[in-house]
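The values are calculated or read from the model by the stated rules, or taken from the named source; none is laboratory data. As the structure is a prediction and not an experimental result, all values here were calculated from the model. Note that we place each Cβ from the backbone using ideal geometry, even for glycine, and neighbour counts take in every protein chain shown. Areas reflect the complete protein model, heavy atoms only, side chains present, ligands, DNA and RNA absent. Shrake-Rupley method; radii C 1.70, N 1.55, O 1.52, S 1.80 Å.
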Amino acid sequence: MARERIISPDEQSVDNEATVRETSTHSIRPTTLDQYLGQAELRERLSVALEAAKDRDDPMEHVLLYGPPGLGKTTLAHVIANELGTRAWVTSGPALTKGSDLVGTLTRMEPGDVLFIDEIHRLPASVEEYIYPAMEDYKIDFTLDSGMHARVVTYALQPFTLIGATTRAGLLTGALRSRFGIVHNIRFYETDELTSILKQAIPKLDMDTVDEQSLHCIASRSRGTPRIALRLLRRVRDFSQVRCDHRFDQSVVNEALKLEGIDDAGLDTLDRTYLETLSTVYEGGPAGVEAIAATMGEDAGTLQDVVEPYLLQAGYLSRTRQGRKITELGIKRLEQQIKG
Ligand code: ADP
């Protein structure tokens with residue numbers, strides 16, 4: 001049961017109609033590497049790879065990005081395509097059920113285009129095998145007819161760049177992983193980086209300037225995730241417009257976020273319920289994520305992808321061989337909650 005969550009980094013409006021869609025960049029998304037803030041190390045690696053590819057007139061190396069949702073993986077695919085002056089085609093692992101789902105796209109792509117596959121760890125084995133020759137030699141084999149008349153036709157593709165994104169690098173097969181030239185872990189953003197991302201988004205959202213402290217206040221409660229920061233900014237904007245006569249300051253931010261159930265550490269009800277369940281039902285742990293999920297009536301995958309990464313990074317949770325354990329800091333957090 002994945003209930004909608006204001007703080008969830010998952011995109012709320014995903015176009016599921018087509019298995020692969022050629023996308024125009026969303027207006028709020030950065031379009032150049034310069035506008036892509038934070039992730040300095042990744043940007044550095046990419047700018048070298050981009051320049052080298054442009055110089056040689058080659059496609060850029062295939063890139064694998066892993067990290068929790070909302071950290072800018074899709075955005076980066078658009079940025080790379082834009083920097084290369086090509087197009088980005090976007091799809092996801094679960095949308096591709098058989099190898100032939102990709103034929104139309106792969107054969108329509110022009111030299112240097114970018115194919116972005118989100119949740120690449122959920123690619124069925126048959127599709128995965130299908131894309132190996134596409135990644136390595138820019139060709140695909142498909143079978144025409146069946147039975148005794150079946151014959152395999154090899155089709156040459158235009159050179160392209162595959163960008164794979166996953167929230168679970170561990171679930172990727174070694175064979176697939178080894179075919180990416182650049183593998184990078186996208187990390188959570190620092191509060192200052194998120195503040196800059198919000199500042200950059202303000203004019204795109206047609207908002208008047210907002211003081212730095214208010215933006216910092218939103219950023220510090222966004223779990224290191226740009227998508228959450230931008231979503232909270234929109235919530236605060238609504239609140240300021242409707243309840244505060246367009247006033248936008250730290251007290252308005254605090255009130256608006258309180259209404260959304262977000263505490264001063266940026267945790268929401270789902271995070272707190274997770275910590276409370278672990279602390280009370282499982283006496284602090286160790287407990288398996290499946291058991292915690294069953295007690296909470298949540299999906300274990302959602303907890304693993306969306307809730308746990310930040311709790312681990314913030315130091316409220318630890319993962320041991322025996323299972324999840326709440327840390328001293330996590331216990332303190334819950335105590336503060338009770339006092340507050
Ligand atoms: P993911 O694909 O990892 O789930 P997205 O690429 O959809 O995340 O990013 C979510 C939102 O956050 C987008 O609207 C994008 O504009 C913004 N965003 C993400 N990373 C950055 C960044 N480094 N700089 C500026 N905006 C960003």
Positions within segment 297-313 being of a type in the set (A, V, I, L, M) and either over 19 Å from residue 269 (Cβ atoms) or open to solvent by 30 Å² or more (accessible area, probe 1.4 Å) (or both), in sequence order: 312
Conditions (1) surrounded by fewer than 17 Cβ atoms within 10 Å (Cβ to Cβ); (2) assigned to a loop (DSSP other than H, G, I, E, B): number failed by residue 104: (2)
Selected residue (criterion: modelled with the lowest pLDDT) from residues of segment 34-74 that are in contact with a Phe, Trp or Tyr (Cβ under 7 Å, 6 or more places away or on another chain) and either under 20 Å from residue 134 (Cα atoms) or away from the ligand (no atom under 16 Å from the Cβ) (or both): 59
Index of the failed condition, residue 230 passing every other in (1) at pLDDT below 95; (2) under 23 Å from residue 28 (Cβ atoms): (1)
Hits in segment 82-113 - residues which are without any contact (Cβ under 8 Å) to a residue 60 or more places away in the chain and under 22 Å from residue 41 (Cα atoms): 82, 83
Residue that is most open to solvent (accessible area, probe 1.4 Å) [pool: residues in segment 75-91 that are in contact with a helix residue (DSSP H, G or I) (Cβ under 8 Å, 6 or more places away or on another chain) and more than 10 Å from the ligand (Cβ to nearest atom)]: 87
Residue in segment 144-156 that is touching a residue at least 40 places away in the same chain (Cβ under 8 Å) and open to solvent by less than 60 Å² (accessible area, probe 1.4 Å) present: no
Residue in segment 250-260 that is open to solvent by 20 Å² or more (accessible area, probe 1.4 Å), out of contact with any strand residue (DSSP E or B) (no Cβ under 8 Å at 6 or more places or on another chain), within 29 Å of residue 210 (Cα to Cα) and not in a helix (DSSP H, G or I) present: yes
Segment 52-98: number of residues that are of a type in the set (D, E, K, R) and closer than 14 Å to residue 162 by Cα: 4
Residue, most open to solvent (accessible area, probe 1.4 Å), within segment 182-230, restricted to residues that are small (Gly, Ala, Ser) and more than 15 Å from the ligand (Cβ to nearest atom): 220
Some residue of segment 45-57 being outside any helix (DSSP H, G or I) and within 30 Å of residue 224 (Cα to Cα): no
Any pair with Cβ under 6 angstrom, 6 or more apart, that starts in segment 114-134 at a residue that is in the same structural domain as residue 46 (by TED's automatic domain parsing) and ends at one that is in a helix (DSSP H, G or I) and surrounded by fewer than 17 Cβ atoms within 10 Å (Cβ to Cβ): 121/171; 122/94
Residue in segment 151-165 that is part of a helix (DSSP H, G or I) and either within 16 Å of the ligand (Cβ to nearest atom) or over 16 Å from the mean Cα position of the chain (by Cα) (or both) present: no
Residue 234 vs. criteria farther than 16 Å from residue 334 by Cα and touching a residue at least 24 places away in the same chain (Cβ under 8 Å): yes
